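Asks: To start, I am sharing the structure in question, which I have written as structure tokens.
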Amino acid sequence: MPDANAILSLSIGELAEFACRRGDLVGDNISGPTAQEGIRAHQKLQKQRPKSSEAEYRLQVNWQCDGQALELSGRVDILHPQTDLHRPVQLDEIKTTYRPPEQLQESVRDRHWAQLKLYGFCYGLQHQKLVQHQKLHQQQVGNSQSPQIALHIALQMVWYNLKEKKTYPDLREFHWSELEAFARTVVSSYLQWHRQWQQHLQRLRESARALQFPFEEYRPGQRSLAVAAYRCLRDGGELVVEAPTGIGKTVSTLFPAIKAVGEGQVDQLVYLTAKNSGRQVVRDTITRLQQQGLKLSLLEIQARDKTCACRLGLCSRDADGVCPRTQGFFDRLPQARETLLHEPMLTADVVAGVADRWHLCPFALALEMLPWVDLVVCDFNYVFDPLVRLSALLSSDRRRALLVDEAHNLGDRARAMHSASLNRRDSQQAAAICKGSQPGLRRAIQSLVRALEHWVAECQQLPLASGDNTNPQASLWVMDTLAARPTKVTRAAEKLLAEVSLLWEQSLAPPEAIADWLKAVFRYLVIEQLLTDESHRGLTRMEHQGKWPQQQLTLLCLTAAQYLQQTYSQFHAVIVFSATLRPADFVYRELGLQMPSPYLQLPSPFESRQLGVFVCPYVDTRYRARHQSIDALVDMVARVFHSRAGNYLVFFPSYQFMQQLAERFSQTFPDIELLLQVPGASECEREAFLAHFREGRQSLGFAIMGGVFGEGIDYVGEQLVGTVIVGVGLPQINPQQELLRQVYDQDRLPGRGFDYAYRYPGLTRVLQAAGRVIRTESDRGVLILADHRFTQAFYQSLYPNYWNVQYCPDGEWLSTELQRFWLMQ
């Protein structure tokens, strides 16, 4: 039970948000005035206030309610002090909108008023304590005049219509006792929940302190990782860990993190993983710990598209495109929230089941539980993506630890999250979809199309920066982002989203068919606000195919390091880990980590004899030489496949190269069935592919380096006995990748741009694919590196220490060495 003597600090906004929300779940990520618009409107109205008034007036009071000591705090937008006895003090709260307040939903207006009434209560309580203090002082000095207690307070809600640039004031007067009764009801409601939450935390901490490591003994390297992780969690800061496959990274980071929670050093854990297989490992680990008595709650955040009841056919939107599960959402939320508070494992299925019971949106329900769970498991974008990141995970109200699994993927993912594109063709299609049903929205989209056309016309007056070797029909212009900002495009996009927000405030929705395009427009505006010359370049691309050229404007992020570091700074501790984080200087620059942070490189728990590593330099997989190497590669794959019965995977740098070799291989060995990775395969298709890799089978699969089958999947035992890596995995040469190389060469690491843009990322793909072979202490398998570049000192210096590399100058030599390896016990 919470200690009544311990003061519970609450912000007024937080209190109103939790206890005063009623009615529908309205809007979307792209609805409503932006933060910048709201700030500008507040500043404008605050400047117009009378000189005697005070802006951003600080309120902070101590109060007892239901036996709990509280500290309530907040800032009211404007305070108008009492100027005479006939007029009470007045508090103003400003809210921005795109429409008159009478057209806002009643639940929205009620929530605004609830917050203002709580401000009024706090002011009255604060004023009473001040008056009582003044009375005591005047009695001490013998002054007979007593200060007056304010019994009435005027509250004014000021709605500012951004579209009309007009204010709509609503002034009401309240007796302080009325505000006190309202505040007591609201706080009592919150305290009922708070006491349940405190009981949960007490059980969690007691069980975490008593928790023992879930295995009889540590694997080699596990204890070192657990100790380093605990120190980081205890002291704060950052830790980088390269922990090879088999060490058990998940339990070695989660166990010390949970112990830190038990000791009160961390309040909440956030675990990021980009793979479904990674989520499963976390679930299995927590389940094992819960079986030992741990009272920890886990919440998985799954993508909205995968949880939406409408998309899954569980409900249907009405004629206005409104989901029935959003109607009355906050009226039914408290019961669902209390149900989930007592669930230890809030997987997507569990949340969906409770959402079905109370007829709520599953994704929104999961987000409502974010502050009330101990471990959140989600994808990178929910923490790092400026468009979709969850503010509840970045607030300063709790000490959080961030655990980033498969961190070798974070650099590329973060650059993509901080890039944005708009193109004319998609915009024209969006305008056509809105014809008839949304004429105002259609006009706004057409204005954006014209702005894009005007921008491309301006670029065509400049020297052509580069062609695109992946598409000879395309022209490309590259500009310093800040020196040539596409301001007309930005203004048109802002006006477009203002029109969308107006629709949402009217409880209308844009056509579902343009939802993804609208998100792209919103991303463009968000990224445009983040632009710096250091991090971004502006790319204007025009394809000349067809009657009408395709035109595209891209804000390309070349380094997301500064954005990643800004996010890390909001966590008490950050641990990034992967089986492939090398070399250290590349990892620190790529991921925006502080250079003094510890870097832990752990040895493999496996013995060299378990993995046979064979480098075959007699093939050249470079693009210009591939046609000469096809037959040698076909022969190599066949030799490996026939060396021992079992399952094998061959990894390629591209689908095109994979298809070329597959065709030649099928012609040469028609009796061997090939399994090919398909671009954009569904989850069912991926599961069907993996189903062939079971013990007792003999399968040969072709897949892509860096793809779903080359990372994050455990092929245990006889599920995979050999892997062939075709080439050094270099990213495809294109204008974007070349810009990245130039940035490293010119601004950061002269002469090292090719390494940072191509060779290091390529090696990461190679090492990830290579790591699929040996997953446990009993596994044995072979790894073939097919390219003469693997003999270069650059790559040799970065090979894992436990690799015992053998070089095979031809196919016969390879067959002999493979036979020798498989005969070894």
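Asks: Only one of (1) open to solvent by 60 Å² or more (accessible area, probe 1.4 Å); (2) without any contact (Cβ under 8 Å) to a residue 12 or more places away in the chain is not met by residue 666, so which one is it?
Replies: Going through (1) open to solvent by 60 Å² or more (accessible area, probe 1.4 Å); (2) without any contact (Cβ under 8 Å) to a residue 12 or more places away in the chain one by one, residue 666 breaks only (1).
Asks: Touching a strand residue (DSSP E or B) at 6+ places or on another chain (Cβ under 9 Å), surrounded by 13 or more Cβ atoms within 10 Å (Cβ to Cβ) and farther than 21 Å from residue 229 by Cα, is that true of residue 286?
Replies: When the stated conditions are applied, residue 286 does not pass them.
Asks: When you go through (1) surrounded by 17 or more Cβ atoms within 10 Å (Cβ to Cβ); (2) in contact (Cβ under 8 Å) with a residue 12 or more places away in the chain one by one for residue 583, which number turns out not to apply?
Replies: Only one criterion is unmet by residue 583, namely (1).
Asks: Right, next: Going residue by residue through segment 723-744, is there one that turns out to be closer than 12 Å to residue 611 by Cβ, of a type in the set (S, T, N, Q) and either open to solvent by less than 70 Å² (accessible area, probe 1.4 Å) or assigned to a loop (DSSP other than H, G, I, E, B) (or both)?
Replies: yes
Asks: Regarding residue 530, is this residue assigned to a strand (DSSP E or B), in contact (Cβ under 8 Å) with a residue 60 or more places away in the chain and surrounded by fewer than 21 Cβ atoms within 10 Å (Cβ to Cβ)?
Replies: Here the answer is no, as residue 530 does not meet what is asked.
Asks: Quick one: residue 247 ticks every box in (1) in contact with a Leu (Cβ under 8 Å, 6 or more places away or on another chain); (2) at pLDDT 95 or above; (3) crowded, with 17+ Cβ neighbours inside 10 Å except a single one, so which number is it?
Replies: Of the numbered conditions (1) in contact with a Leu (Cβ under 8 Å, 6 or more places away or on another chain); (2) at pLDDT 95 or above; (3) crowded, with 17+ Cβ neighbours inside 10 Å, the odd one out for residue 247 is (2).
Asks: Quick test for you: out of 231, 209, 223, 184, pick the one residue that is at pLDDT below 95, part of a helix (DSSP H, G or I) and open to solvent by 80 Å² or more (accessible area, probe 1.4 Å).
Replies: Result: 223 is the single residue among 231, 209, 223, 184 that is at pLDDT below 95, part of a helix (DSSP H, G or I) and open to solvent by 80 Å² or more (accessible area, probe 1.4 Å).
Asks: Could you tell me how many of the residues in segment 158-170 are touching a helix residue (DSSP H, G or I) at 6+ places or on another chain (Cβ under 8 Å) and either buried (at least 20 other Cβ atoms within 10 Å of the Cβ) or among the basic types (Lys, Arg) (or both)?
Replies: Looking only at that region, the number is 4.
Asks: Any idea which of (1) farther than 29 Å from residue 692 by Cα; (2) without any contact (Cβ under 8 Å) to a residue 40 or more places away in the chain; (3) of a type outside the set (A, V, I, L, M, F, W, C); (4) out of contact with any Leu (no Cβ under 9 Å at 6 or more places or on another chain) is the one residue 788 doesn't satisfy?
Replies: (2) is the only condition that residue 788 fails.
Asks: Give segment 437-460 a look and list any residue that's without any contact (Cβ under 8 Å) to a residue 40 or more places away in the chain and closer than 12 Å to residue 510 by Cα, or say none.
Replies: Within segment 437-460, 439, 442 meet the criteria.
Asks: Given the structure, is residue 605 open to solvent by 10 Å² or more (accessible area, probe 1.4 Å) and at pLDDT below 90?
Replies: Yes, satisfied.
Asks: Further question on the same structure: Of all residues in segment 608-636, which are part of a loop (DSSP other than H, G, I, E, B), open to solvent by 10 Å² or more (accessible area, probe 1.4 Å) and more than 19 Å from residue 761 (Cβ to Cβ)?
Replies: 617, 618, 620
Asks: Looking only at segment 38-56, count how many residues are touching a strand residue (DSSP E or B) at 6+ places or on another chain (Cβ under 6 Å) and part of a helix (DSSP H, G or I).
Replies: 5
Asks: Same structure, new question: Identify all residues within segment 234-244 that are open to solvent by 10 Å² or more (accessible area, probe 1.4 Å) and more than 23 Å from residue 569 (Cβ to Cβ); write none if there are none.
Replies: 244
Asks: Do you know which residues across segment 585-603 are part of a helix (DSSP H, G or I) and not charged (D, E, K, R)?
Replies: Within segment 585-603, 586, 587, 588, 591 meet the criteria.
Asks: Identify, by number, the condition in (1) farther than 29 Å from residue 531 by Cβ; (2) in contact with a Lys or Arg (Cβ under 7 Å, 6 or more places away or on another chain); (3) at pLDDT 95 or above that residue 435 doesn't meet.
Replies: Here residue 435 meets the rest and fails (3).
Asks: Further question: Can you say whether residue 718 is among the acidic types (Asp, Glu), over 23 Å from residue 405 (Cβ atoms) and surrounded by 15 or more Cβ atoms within 10 Å (Cβ to Cβ), as far as the supplied structure shows?
Replies: Yes, satisfied.
Asks: In this structure, is residue 108 farther than 22 Å from residue 166 by Cβ and among the β-branched types (Val, Ile, Thr)?
Replies: No, not satisfied.
Asks: Quick check on segment 673-694. Is at least one of its residues in a helix (DSSP H, G or I), open to solvent by less than 50 Å² (accessible area, probe 1.4 Å), in contact (Cβ under 8 Å) with a residue 12 or more places away in the chain and not basic (Lys, Arg)?
Replies: Within segment 673-694, one or more residues are in a helix (DSSP H, G or I), open to solvent by less than 50 Å² (accessible area, probe 1.4 Å), in contact (Cβ under 8 Å) with a residue 12 or more places away in the chain and not basic (Lys, Arg).
Asks: Tell me, which helices (runs of 4 or more DSSP H) lie completely within segment 240-357 with 3 or more residues that are over 30 Å from residue 508 (Cα atoms)?
Replies: 249-262, 276-291, 329-341
Asks: Right, something else. Suppose the filter is open to solvent by less than 20 Å² (accessible area, probe 1.4 Å), touching a Pro at 6+ places or on another chain (Cβ under 9 Å), closer than 30 Å to residue 110 by Cβ and at pLDDT 95 or above; does residue 191 pass it?
Replies: The answer is yes for residue 191.
Asks: Here's a follow-up. Identify the residue in segment 738-773 that is in contact with a Phe, Trp or Tyr (Cβ under 7 Å, 6 or more places away or on another chain) and of a type outside the set (A, V, I, L, M, F, W, C) and, among all such residues, is farthest from residue 537 (Cα to Cα).
Replies: The residue in question is 772.
Asks: From (1) touching a residue at least 40 places away in the same chain (Cβ under 8 Å); (2) under 19 Å from residue 599 (Cα atoms); (3) open to solvent by less than 10 Å² (accessible area, probe 1.4 Å); (4) not polar (S, T, N, Q), pick out the condition that doesn't hold for residue 256.
Replies: Every condition holds for residue 256 apart from (1).
Asks: Of everything in segment 405-458, what is surrounded by fewer than 22 Cβ atoms within 10 Å (Cβ to Cβ) and among the acidic types (Asp, Glu)? Give them in sequence order.
Replies: Of everything in segment 405-458, those that are surrounded by fewer than 22 Cβ atoms within 10 Å (Cβ to Cβ) and among the acidic types (Asp, Glu) turn out to be 412, 426, 453, 458.
Asks: Against the conditions (1) over 20 Å from residue 735 (Cα atoms); (2) open to solvent by 30 Å² or more (accessible area, probe 1.4 Å); (3) modelled with pLDDT under 85, where does residue 503 fall short? Just the number, please.
Replies: Looking at each condition in turn, residue 503 falls short on (2).
Asks: Continuing with the same structure: Any residue in segment 174-201 that's more than 28 Å from residue 266 (Cβ to Cβ): show its pairings with residues that are surrounded by 14 or more Cβ atoms within 10 Å (Cβ to Cβ) and among the basic types (Lys, Arg) at Cβ separation under 6 Å, as long as the two are six or more apart or on different chains.
Replies: Between residues of segment 174-201 that are more than 28 Å from residue 266 (Cβ to Cβ) and residues that are surrounded by 14 or more Cβ atoms within 10 Å (Cβ to Cβ) and among the basic types (Lys, Arg), the close pairs are 179/117; 182/117.
The values are calculated or read from the model by the stated rules, or taken from the named source; none is laboratory data. Just so we're clear, the structure is a prediction, and the values are computed from it rather than from any experiment. FYI the Cβ positions are ideal-geometry reconstructions off the backbone, even for glycines, and counts take in every protein chain you see. With ligands, DNA and RNA removed, areas are computed over all heavy atoms of the protein, side chains included. Shrake-Rupley method; radii C 1.70, N 1.55, O 1.52, S 1.80 Å.
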